[in-house]
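Student: Encoded as structure tokens, here's the structure I'll be asking about.
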Amino acid sequence: MSKELRIGMIGYGFMGRAHSNAYKRLNDFFPVAHRPVLKAVAARSSEKAKGFADNWGYERIETDWKKVVEAEDIDLVDICSPNDTHFDIAMAAAKNGKMICCEKPLAMTTKEAEKMVAAVAKYKVANMAWFNYRRVPAIALAKQIIEEGRIGRSFHYRATYLQDWTIATDVPQGGPGLWRLDAAVSGSGVTGDLLAHSIDTAMWLNGPITRVTAKTETFVKERKHVVTGKVQKVSIDDACMFLAEFANGSIGTFESTRYARGRKNFNTFEMNGADGSLYFDLEEPEYLQYFEYLQKQSSKKVESHLTGWRKIHTTNSEHPYMKHYWVPGTCIGYEHTFLNALADFVMGIESGKPTQPDFRNALQTQRVCEAVLKSAKNGKWEKTGVDAKAL
Ligand code: SOE
């Protein structure tokens with residue numbers, strides 16, 4: 001018999017849709033005992049909430065998120081609202097004993113994130129940060145290849161996360177979707193929004209980042225604000241580049257911008273080790289590229305003229321997550337990364353082995369983001385204070 005997992009969704013934007021899709025499809029693909037039930041969605045506008053609820057099948061709407069986190073018939077609170085709301089909602093949800101799944105970045109500041117970590121520990125509630133890209137099969141395969149020891153000593157980690165949707169000077173800031181351009185609501189620009197993904201993936205694959213030095217830029221200094229109607233100063237970082245030192249002795253470069261004409265969601269990484277390299281590009285999400293050097297040292301004769309990068313189409317049932325979907329050669333998409341994340345979370349509840357990244361893990365990414373922004377201001381190398389045990 002399945003057990004209900006009653007969902008209270010806060011927010012109705014892009015992520016609200018991505019997560020709702022995951023709740024609806026979970027039992028179609030994963031053999032878990034819990035069955036999500038879409039109970040309530042909260043949004044300030046009742047019209048928006050109603051449209052969302054009708055479309056996705058939520059049983060009721062609320063215009064005050066507090067009603068959702070306090071409701072008896074909610075087991076899990078999903079925080080998909082803008083970044084400046086994560087802290088208050090998570091703290092109240094924890095106090096009410098609800099499980100919490102929170103969109104990235106976890107909070108506006110490290111201080112907030114630390115309090116959220118303490119609250120979920122105090123009230124012993126299951127928790128997860130939606131760093132969905134860990135659940136791309138090709139990225140999960142990269143993790144497996146590294147854990148199998150095939151890359152060897154790590155030298156370099158190189159990440160880019162490029163988009164181009166804020167180049168026009170008449171894109172306003174504030175309001176639905178565009179709150180990402182309003183630092184008062186988002187906390188930062190590309191650092192928290194895009195590099196948080198890159199940092200999460202990097203520390204998952206290559207371990208703790210210990211020190212950073214960064215440069216940020218704001219190309220368009222003023223934009224009209226949707227809420228106030230006035231032209232206001234833009235305080236987000238439009239672009240950010242940083243150098244990183246990892247605890248394992250490797251070094252890294254990270255670059256992110258929303259001003260890379262032609263780049264829509266260009267999230268890439270390359271890792272170079274003594275025995276091999278890995279490369280991934282989200283614009284070709286089903287492929288992981290792998291260069292194997294180890295074979296040269298094996299007893300088998302190596303045919304040097306045939307060595308080269310291998311492009312692995314990660315659609316076999318042996319590849320992470322893929323046995324839950326279709327036949328080899330058929331791809332899954334962006335939405336499945338959320339489905340995979342949810343499945344891992346639910347399996348974590350059921351097995352008693354919590355899935356990662358939980359809040360404590362996501363706090364480490366927040367620490368790196370904060371150190372990056374601090375360094376960009378003072379021009380110095382900054383220690384991140386990442387807790388290696390939390391990764
Ligand atoms: C920003 O454009 C954004 O929607 C991010 O907020 C998401 O986290 C990223 O996955 C796609 O881009």
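Student: List the number of the failed condition for Gly149; all other conditions in (1) surrounded by fewer than 24 Cβ atoms within 10 Å (Cβ to Cβ); (2) within 16 Å of the ligand (Cβ to nearest atom); (3) within 19 Å of Leu391 (Cα to Cα) hold.
Tutor: Going through the list (1) surrounded by fewer than 24 Cβ atoms within 10 Å (Cβ to Cβ); (2) within 16 Å of the ligand (Cβ to nearest atom); (3) within 19 Å of Leu391 (Cα to Cα), Gly149 breaks only (2).
Student: Which one of the conditions (1) within 17 Å of Leu339 (Cα to Cα); (2) not in a helix (DSSP H, G or I) does Val41 fail to meet, given that it meets all the rest?
Tutor: (1)
Student: Are there any pairs with C-beta distances below 6 angstrom linking a residue in the stretch 216-231 that is free of Cβ contacts under 8 Å to residues at least 12 places away in the same chain to a residue that is in a strand (DSSP E or B) and open to solvent by 100 Å² or more (accessible area, probe 1.4 Å), with the two at least 6 apart or on different chains, and if so which?
Tutor: Pairs that qualify, where the first residue is free of Cβ contacts under 8 Å to residues at least 12 places away in the same chain and the partner is in a strand (DSSP E or B) and open to solvent by 100 Å² or more (accessible area, probe 1.4 Å), are Val231/Glu222; Val231/Lys224.
Student: Quick check: anything in the stretch 12-29 more than 21 Å from Tyr334 (Cβ to Cβ) and either touching a Cys at 6+ places or on another chain (Cβ under 7 Å) or in contact (Cβ under 8 Å) with a residue 12 or more places away in the chain (or both)?
Tutor: No, the conditions are met nowhere in the stretch 12-29.
Student: Ala92: more than 30 Å from Met322 (Cβ to Cβ), among the hydrophobic types (A, V, I, L, M, F, W, C) and touching a strand residue (DSSP E or B) at 6+ places or on another chain (Cβ under 9 Å), yes or no?
Tutor: It is true that Ala92 is more than 30 Å from Met322 (Cβ to Cβ), among the hydrophobic types (A, V, I, L, M, F, W, C) and touching a strand residue (DSSP E or B) at 6+ places or on another chain (Cβ under 9 Å).
Student: Continuing with the same structure: On the basis of being closer than 27 Å to Met91 by Cβ and in contact with a Cys (Cβ under 7 Å, 6 or more places away or on another chain), does Leu195 make the cut?
Tutor: yes
Student: Here's a follow-up. Taking the stretch 179-205 as the region of interest, how many residues are over 15 Å from the mean Cα position of the chain (by Cα), buried (at least 24 other Cβ atoms within 10 Å of the Cβ) and away from the ligand (no atom under 14 Å from the Cβ)?
Tutor: Selection size over the stretch 179-205: 0.
Student: Check Ala168, Ala140, Ala129, Ala118 and return the single one that is more than 12 Å from the ligand (Cβ to nearest atom) and open to solvent by less than 20 Å² (accessible area, probe 1.4 Å).
Tutor: The match here is Ala140.
The values are calculated or read from the model by the stated rules, or taken from the named source; none is laboratory data. Everything numeric in this text was worked out from a predicted model, so none of it was measured. Here the Cβ is made from the backbone with ideal geometry for all residues, glycine too, and neighbour counts use every protein chain on show. For the accessible areas, the whole protein counts, side chains as well, though only heavy atoms, and no ligand, DNA or RNA atoms are used. Shrake-Rupley method; radii C 1.70, N 1.55, O 1.52, S 1.80 Å.
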